[in-house]
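Report on the structure given below.
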Amino acid sequence: MIYDSTNEEAALARGVSRGQLEVMQNALGLTNADISKLSEKALLKAIRKLEAPDRPRQRVAYQRLQLVNDRGEIPPNAQQNALRQLDSMRLRARAPQVAGVPSGPAIDAKSLAPPFLPLGAGIAPGAANWVSIGPGNVGGRTRSIVIHPARPDSIWIGSVGGGVWFSSNGGASWAPVDDFMANLAVCCMVMEPTNPDIIYAGTGEGFPNVDAIRGAGIFRTQDGIHWSQIGSTVTPDFYYINRLACASDGSVMLAATNTGIWRSADRDRSGWTRTLVAEIADVKFSPTESRRAVAGGLRNGIGYWSDDGGVNWHQAAANGVWSGRVELAYSVKNPSIVYASVQGQSGEIWRSTDGGKTYKQMQGLSVEGSIAKFLGKQGWYDNVIWAGDPTNSDHVIVGGIDLWRSTDGGNTLRRVSKWDEAASAHADHHAIVSHPHFDGATNKTVFFGNDGGIYKTADVTTVGSDEERLLGWVKLVNNYGVTQFYGGAGNSTTGTIVGGSQDNGTVSYLPGQGASKWANIFGGDGGFVASDPSDGRYFYGEYVKLTLFRNSNGAANDDDWLNNQICGVFWNTAIGYWDWKPLPFTIPDAKSENALFISPFIMDPNNPECILAGGLSLWRTNDPRTPNTNSTGPSWTSIKGGTGQFISAIAVAQGNPDLIWVGYLGGALYKTANGTNSSPSWQLVDDDGSVAKLPNRFCTRIVIDPSDHQVVYVMFGGYENTNLWKTTDGGSTWTGLGNALPAAPVRTLAIHPRQRDFLYLGTEVGVFTSEDGGASWSPTNEGPTNCPVYELFWMNETLVCATHGRGMFQIDLSGV
């Protein structure tokens, strides 16, 4: 045991450097005692977190790169305009099916969550329509929860990637509620206190930074199902709505946005006035007095208070310096007590006894007596505080990476969840909501929204009180299908499918386990994936910045984790240390982080033992199955030097491994005809002699027609309608195919295995199909409709669709 050891001794005992140990302490809020108890898997997860400590910001920056136009801008109301164009296409649609995919006018919202594939059904179950394959047990980032006070089994939750979802049975099952909102980042929700059938949803996740994915104002429902946009909020001032609050008498609504606090005093919410100019993270009304409210800054470390319903705001006073994001909670037992969770260095709890006008810092000590760094270095991203116990105003829950409980007003904190344990609550907490009947005695139920979805405990006073912090946690994902995939792949022989997901690692669908029991095969953010078609044991995936791994047990689990790094930190048994391998057994671009947050890598369709990966350079390995030792493993060589920009897309012609195409972040496009050489020659093909110059923005995907290598499709990001291009002469001339599509990013394309003119296109607003090689397009009206689609791939003649917010779907197209 090394609980009282020095940092040097603790680092030596776990095979990490002192610097790594101290970063774990500060960034993840771990003590030496915590670090000593981490399993080897959990320790590796912690080290990966250290390699990319600013992942949420980097993730948002990466996503924005795919949304901007050639001028680096996202046009006003871009997503809403694309959705309107989509609706117009549906109204004009005449055929019930195009290329075998259901088309036509929009259908009932329940069809957005079609039946999950039954246990053991495998791929291609014979259904003519889309079928969800989950994951029904993974979930996704959830920042808001509202519960009907008269019908407490009626729960609405807001996913930042998959819109609003509803459960009528207390979380036993979920379904999306409105097609029009399907693509929006729902960051906050609030019920009107005097009429809880009216719910408001604020869109746009403004916590990462001002470049986060924009929302489209505030939406409202009066029946819990059909949502309408409040027109007065369709302005740039409402792109990022971090919190909504409604006065206890229902008269006034406040919106905390990245441009300030906005106030509406009419019941229609048609008029809004900005009453405070600042970036605001949180705003709360007193639960008992409709004129009293508090607010917290997003970055400036300032608390505010109002005693006139949010008309005027005053800065709170504190006996110390605040910094960063400020989250607030009124004590339900005594609303004159207000708690603040202040980002600071690693999390601080402050307490006010005068309604939020003045604050005093609490000790914030762990049960071991050290400072409880409950927010680590992520308080700008995950930061939430709760004081909802009506029997005890000193009962406080705070959440960052993990959850902590205090029963003395924040002086002493005990960690009650464990991010590295699947049976505990997931990491990164954003919302804590009491059951409507919570009384602190007969009902102690509380719900938690985090990066893994929604969890609950039936007793918030004892949850996580065991040593492993597992007691009392209940996962309520239950087909809450909002997983945000970056990539997908499958093995047609075994039926196994893998996907790299945001926040939830690389996960696998196994036909014998079913759509509600996906397995985790690698932690952290997942990205591109690949499947070895010749050997169902081997799958490949990535963590961020080109860190690559393999799985050799058929994607059944992560049991081979110790030997699975083919580029990344590796456990050196000779020195007892985690470190990068020497060249050529690692990719220098990965070690130096000279790669996109989600970097492209592909398996050569002609040779499963050849993998190409893109950073600043294009890298190749011809031995990805080579066993790892302390100093050897799969070797990497550069086959294309850098241009100064990151590679964003790679394609190899099926039937000709020498023909390789590469696309870049800024739109540049290259190809080679001798790609298997040690030093291939490359030709720029995006503007030399082209009739139409291709866009100068993010190249998202390249697809080479397997039956005619002169035919190549190239896709781009940005809210433009010039995002799909086709060449029939190997890149000498180009034709735009996107004019008939909504002006939105295009991310992926699949060509039917038998019908080469049958095309399937994945965009920011769903799937589109063509029967004439892209001359005309029709939208699907069920399944992955309206949702960002990042990957389309074939399992024999079953098309699998990996979405960024609604999990995966499949459709059998063997009959077309």
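The values are calculated or read from the model by the stated rules, or taken from the named source; none is laboratory data. The structure presented is a predicted model; accordingly, all values stated were derived computationally and were not measured. When we count neighbours, we look across all protein chains shown, and the Cβ atoms used for this are built from the backbone with ideal geometry, even at glycine. Note: areas computed on protein heavy atoms with side chains; ligands, DNA, RNA excluded. Shrake-Rupley method; radii C 1.70, N 1.55, O 1.52, S 1.80 Å.
Can you tell me which condition ARG269 does not meet? The list is (1) within 25 Å of LEU83 (Cα to Cα); (2) in a loop (DSSP other than H, G, I, E, B); (3) of a type in the set (Lys, Arg); (4) open to solvent by 10 Å² or more (accessible area, probe 1.4 Å), and all the others hold. Of everything listed in (1) within 25 Å of LEU83 (Cα to Cα); (2) in a loop (DSSP other than H, G, I, E, B); (3) of a type in the set (Lys, Arg); (4) open to solvent by 10 Å² or more (accessible area, probe 1.4 Å), ARG269 misses just condition (4).
Pick from segment 241-266 the residues that are in contact with a strand residue (DSSP E or B) (Cβ under 6 Å, 6 or more places away or on another chain) and in a loop (DSSP other than H, G, I, E, B): which of them is nearest to ILE198 (Cα to Cα)?
Within segment 241-266, the subset in contact with a strand residue (DSSP E or B) (Cβ under 6 Å, 6 or more places away or on another chain) is 241-247, 250, 253-257, 260-264.
Filter once more, so that each one left must be in a loop (DSSP other than H, G, I, E, B): 247, 250.
Numbers: ALA247: 14, GLY250: 11 Å.
Looking at residues that are in contact with a strand residue (DSSP E or B) (Cβ under 6 Å, 6 or more places away or on another chain) and in a loop (DSSP other than H, G, I, E, B), I get GLY250.
Matching residues to (1) open to solvent by less than 10 Å² (accessible area, probe 1.4 Å); (2) modelled with pLDDT of 90 or more; (3) more than 18 Å from the chain's Cα centre (by Cα); (4) under 26 Å from GLY72 (Cα atoms):
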position	(1), (2), (3), (4)
ALA172	no, yes, yes, no
ALA175	no, no, yes, no
MET181	yes, no, no, yes
LEU184	yes, no, no, yes
CYS188	yes, yes, no, no
THR194	no, yes, yes, no
ASP197	no, yes, yes, no
THR203	yes, yes, no, yes
VAL210	no, no, no, yes
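For segment 784-816, the tally of residues that are more than 20 Å from the chain's Cα centre (by Cα) and either over 21 Å from VAL529 (Cβ atoms) or among the acidic types (Asp, Glu) (or both) stands at 6. Among the residues making up segment 371-389, those that are in a loop (DSSP other than H, G, I, E, B) and open to solvent by 50 Å² or more (accessible area, probe 1.4 Å) are LYS373, LYS377. Within the set THR700, THR728, the sole residue that is touching a residue at least 24 places away in the same chain (Cβ under 8 Å) and among the β-branched types (Val, Ile, Thr) turns out to be THR700. Please enumerate the residues belonging to segment 435-453 that are in a strand (DSSP E or B) and either within 25 Å of the chain's Cα centre (by Cα) or farther than 17 Å from HIS395 by Cα (or both). Within segment 435-453, VAL446, PHE447, PHE448, GLY449, ASN450, GLY453 qualify.
Note on segment 236-249: residues that are over 25 Å from the mean Cα position of the chain (by Cα) and open to solvent by 40 Å² or more (accessible area, probe 1.4 Å) amount to 2.
Report every pair of residues separated by at least 6 positions or lying on different chains whose Cβ atoms are under 9 Å apart, first residue within segment 665-689 and without any contact (Cβ under 8 Å) to a residue 12 or more places away in the chain and open to solvent by 20 Å² or more (accessible area, probe 1.4 Å), second in a loop (DSSP other than H, G, I, E, B) and aliphatic (A, V, I, L, M). As it stands, the answer is SER681/ALA673; ASP687/ALA668; ASP687/LEU694, since those pairs meet every condition given. Quick one: in segment 471-501, which of the residues that are open to solvent by 40 Å² or more (accessible area, probe 1.4 Å) and in contact with a Gly (Cβ under 7 Å, 6 or more places away or on another chain) is nearest to GLY134 (Cα to Cα)? This residue is ASN479.
Scanning segment 542-582 for residues that are closer than 19 Å to THR493 by Cα and surrounded by 22 or more Cβ atoms within 10 Å (Cβ to Cβ) yields a total of 3. All conditions in (1) under 23 Å from GLN361 (Cβ atoms); (2) open to solvent by 50 Å² or more (accessible area, probe 1.4 Å); (3) assigned to a strand (DSSP E or B) hold for ARG274, with the sole exception of (1). Here LEU694 fulfils each of the conditions (1) modelled with pLDDT of 95 or more; (2) hydrophobic (A, V, I, L, M, F, W, C); (3) open to solvent by less than 20 Å² (accessible area, probe 1.4 Å) apart from (1).
Of the strands (runs of 3 or more DSSP E) entirely within segment 284-364, those holding at least 3 residues that are open to solvent by less than 40 Å² (accessible area, probe 1.4 Å) occupy 293-297, 303-306, 326-330, 338-342, 348-352. Has segment 514-531 got any residue that is modelled with pLDDT of 95 or more and more than 26 Å from LEU43 (Cβ to Cβ)? Yes.
Of the helices (runs of 4 or more DSSP H) that lie entirely inside segment 1-114, those containing 3 or more residues that are modelled with pLDDT under 75 and farther than 30 Å from PHE809 by Cα span 7-14, 18-28, 40-51.
In summary, GLY224 fulfils each of the numbered conditions (1) part of a loop (DSSP other than H, G, I, E, B); (2) open to solvent by less than 10 Å² (accessible area, probe 1.4 Å); (3) of a type outside the set (A, V, I, L, M); (4) at pLDDT 90 or above with the single exception of condition (4). For segment 411-434, the condition of being in contact with an Asp or Glu (Cβ under 9 Å, 6 or more places away or on another chain), over 20 Å from SER144 (Cα atoms) and aliphatic (A, V, I, L, M) holds for at least one residue.
Scan segment 348-370 for residues that are among the basic types (Lys, Arg) and within 17 Å of VAL332 (Cβ to Cβ) and the total you get is 1.
Those residues that are of a type outside the set (Gly, Ala, Ser) and surrounded by fewer than 24 Cβ atoms within 10 Å (Cβ to Cβ), I need them from segment 398-417; list them, please.
ARG405, THR407, ASP408, ASN411, THR412, ARG414, ARG415 - these are the residues of segment 398-417 that are of a type outside the set (Gly, Ala, Ser) and surrounded by fewer than 24 Cβ atoms within 10 Å (Cβ to Cβ).
Residues in segment 451-469: is at least one under 19 Å from ASN383 (Cα atoms), surrounded by fewer than 20 Cβ atoms within 10 Å (Cβ to Cβ) and not charged (D, E, K, R)? Looking through segment 451-469, none of the residues is under 19 Å from ASN383 (Cα atoms), surrounded by fewer than 20 Cβ atoms within 10 Å (Cβ to Cβ) and not charged (D, E, K, R).
SER631 meets the conditions (1) small (Gly, Ala, Ser); (2) crowded, with 16+ Cβ neighbours inside 10 Å; (3) touching a Pro at 6+ places or on another chain (Cβ under 9 Å); (4) farther than 26 Å from ASP705 by Cβ in every case but one. The failed one is (2). Considered as a group, the residues in segment 454-484 that are in a strand (DSSP E or B) and modelled with pLDDT of 95 or more include one that is farthest from HIS430 (Cα to Cα), and that residue is ASP459.
Within the bounds of segment 719-728, is there any residue that is hydroxyl-bearing (Ser, Thr, Tyr), within 22 Å of ILE811 (Cα to Cα) and touching a strand residue (DSSP E or B) at 6+ places or on another chain (Cβ under 7 Å)?
Taking every residue of segment 719-728 in turn, none turns out to be hydroxyl-bearing (Ser, Thr, Tyr), within 22 Å of ILE811 (Cα to Cα) and touching a strand residue (DSSP E or B) at 6+ places or on another chain (Cβ under 7 Å).
Residues that are of a type in the set (Val, Ile, Thr) and either within 20 Å of GLU327 (Cα to Cα) or in contact with a Cys (Cβ under 8 Å, 6 or more places away or on another chain) (or both): does segment 206-221 have at least one? Yes, segment 206-221 has at least one match. Inside segment 506-520, residues that are surrounded by fewer than 24 Cβ atoms within 10 Å (Cβ to Cβ) and either farther than 18 Å from CYS801 by Cα or touching a residue at least 60 places away in the same chain (Cβ under 8 Å) (or both) make up a count of 8.
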